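Notes follow the structure.
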Amino acid sequence: MDSTDDRVPPGVSAALVEALAADGAVAGLRVRRFVPLAPGPLGERLITADQTNTSVVVGERVVVKWMRPAPGGPPDRAPDLLAHLAAVGFTRTPTPYAAVYHGGPGGGLAAVVTGFLPDAADGWDWCVAALLDQLAGGPPADLAAEVGVLAAELHAALATPTESVPEPVTEMRDPGWAAGGRTVLEATHQLLADLHAEDACWLAARAHRLAADIERSREVGRAYLIRPHGDLHVGQVLRWRGGLAVTDFDGNPTLALPGGGALTEPAARDVAQLRTSLLHVGQIADRRTEGRHRAEISDWSRHAVDDLLGAYRRTLAERGLAHLFDERLLRPFEVEQECRELCYAARFLPRWRYAPMGVLRSWYRD
């Protein structure tokens, strides 16, 4: 494909990359540079799978992600995190080259320019494919530990001081996450009532049990906070020629829903979302195989979340950062995340409802 789409005229992405490589100004835009970009080929093609924003590959080496306005989160979230990761030398993410803003003071984020990873597939493809291969008699889908190591390495990098972020780890007392989780639970039931009566009735009958698990976050009176990835699910974990990499630091779209999130959160927030996304991989595989391997998938899912957690904890401990992670927050945050997934499905993607509902039904059997 030689052009982008109607929102990004052909040639605009290549012209931006050319200007960045020449270290020149870009008309009408402000540029924030992270890593120098060398000159190279400028052919364009659109990444058609990117549905929220518009991503264009330039010269098979650079990706320009043109941003749509994000009503839920701060406009500089991704650039600030990418700058921090570049400063600490974290290399397990596409190389961050620049963030580009609309001209004038206070202009919003227009685009993020990063390296292109050859043969990259996101986890909704490669994780699901690995599990389906196992179910068909192939090798075991032993992928979770590797993902857990990546998450811990990311958190260790985010917790490393830099000149721009001299104190990346803070403490909070009496954080009040339970109240936010209860708000999300209530909103979930209201939205489901309009979408699917059977699921709404099931949730209402077990709401007290979900609420009790959410309330367990009150056991944590003091927590360490970092600026987390913010939307860490397997879809943000790319497998490419060089191994695994984490991408897309734009924040969690479900946080624009009731009880939306903060700039800093416990590391457990990322881990909870990553673990539930592995359970969603199981739900996807179960649907694609029409329930024929449900027992095997259930067994894989249990082991996968445990393997991820074990590898994550070991890696954090090896870096002297075990204190960042409080396991008592996992189940409250996991329940809240599944409720957020249901809210998101109800408002924007109804066909996705089956995955979080499948997870909740597996947790709260009669």
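Read the figures in this text as sums done on the coordinates, not as results from a lab. Only a predicted model underlies this, so the values are computations on that prediction, with no experimental measurement involved. Every residue, glycine among them, receives a Cβ derived from its backbone with ideal geometry; neighbour counts consider all protein chains shown.
Got a sec? Which helices (runs of 4 or more DSSP H) wholly within the stretch 141-243 have at least 3 residues that are in contact with a strand residue (DSSP E or B) (Cβ under 9 Å, 6 or more places away or on another chain)?
On the way: elements: 144-158, 177-195, 197-215.
The helices (runs of 4 or more DSSP H) meeting that bar are 144-158.
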Query - the stretch 95-127, subset assigned to a strand (DSSP E or B) and small (G, A, S), residue farthest from V31 (Cα to Cα) - result: A121
Query - Sole exception among (1) within 24 Å of H196 (Cα to Cα); (2) surrounded by fewer than 20 Cβ atoms within 10 Å (Cβ to Cβ) for R313, by number - result: (1)
Query raised in the report: Got a sec? Which of L82, L132 is touching a residue at least 40 places away in the same chain (Cβ under 8 Å), assigned to a helix (DSSP H, G or I) and out of contact with any helix residue (DSSP H, G or I) (no Cβ under 9 Å at 6 or more places or on another chain)?
Result: L82
